[in-house]
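One structure is given here, and the rest of the page talks about it.
The values are calculated or read from the model by the stated rules, or taken from the named source; none is laboratory data. This is a predicted model, so every value here is computed, not measured. No Cβ is skipped: glycine too gets one built from the backbone with ideal geometry, and neighbour counts run over all protein chains shown.
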Amino acid sequence: MNKSEFLAQLHDHLSVLPPEERQELMEDYEAHFTFALQNGKTEEEIAMELGNPAELAKEAIDGRFSAKEPVYWFNPNAVPEPTGPPIASAARPGRSGFASAMVYTGLFFLNMVAVPLLISLWMLGVSLATAAAGMLLSPVSLGLEYLVGNSVLPAKNYAVLVLMGLGILLALASKPVFKWLIRISKSYWTWNVQTAHGGNKA
């Protein structure tokens, strides 16, 4: 058996493998022939040393697949059949009417305290931003005073500079404050909804 006959038989017996794996094995055996031929052996001697192509293919296939892992490469749309009974998804038991009433009552009284607290925090954040805006606009009010003919006092100039500096600091502090307020408000709202629905998202 020469090289061509050996590789042709091996290729036929490896037809159950995916094309990529079959090609990889074929390249390995072709490389073996090339190396052995360079060392002075004939194609018939190399084929005899390698053995029966059918046996080699069987060993290669048995080493890659098991009975529990069928090959689906030849049909991309094929899907394995279920090997056991379907597992029913665990359904969350619903609350009783009394439990739901207690939850809603608890949320009502909690929100009577928490919601005004959140509103107070938001008002504090708005006040902080308003104060920052007022301080940043202090040079405008000083300019209007000069336009109407009021005297120019150095103390007013220094005061405006101080107010501008404080306004910049307050403006920088307002950004993380509002981010925190948005985050805590969304988290509290989400928690209310999940609690009212028994821990599931709405």
Of the listed residues (155, 173, 132), the one being within 25 Å of residue 186 (Cα to Cα) and either in the same structural domain as residue 189 (by TED's automatic domain parsing) or in contact with a Lys or Arg (Cβ under 7 Å, 6 or more places away or on another chain) (or both) is 173
- Message: Yes or no: region 181-192 includes at least one residue that is more than 36 Å from the chain's Cα centre (by Cα) and among the charged types (D, E, K, R).
- Response: no
Scanning region 165-191 for residues that are of a type outside the set (Gly, Ala, Ser) and touching a helix residue (DSSP H, G or I) at 6+ places or on another chain (Cβ under 6 Å) gives 166, 170, 177, 178, 181
Note on region 86-117: residues polar (S, T, N, Q) and either more than 18 Å from residue 197 (Cβ to Cβ) or modelled with pLDDT of 85 or more (or both) are 105, 111
Reported set for region 11-35 where residues are surrounded by 13 or more Cβ atoms within 10 Å (Cβ to Cβ) and either within 15 Å of residue 62 (Cα to Cα) or not assigned by TED's automatic domain parsing to the domain that holds residue 51 (or both) is 13, 14, 16, 17, 18, 21, 22, 25
Residue hits (region 104-120; surrounded by fewer than 15 Cβ atoms within 10 Å (Cβ to Cβ) and in contact with a helix residue (DSSP H, G or I) (Cβ under 8 Å, 6 or more places away or on another chain)) are 104, 111, 114
Only one of 167, 199 is over 17 Å from residue 124 (Cα atoms) and either modelled with pLDDT of 80 or more or out of contact with any Ser or Thr (no Cβ under 7 Å at 6 or more places or on another chain) (or both), namely 199
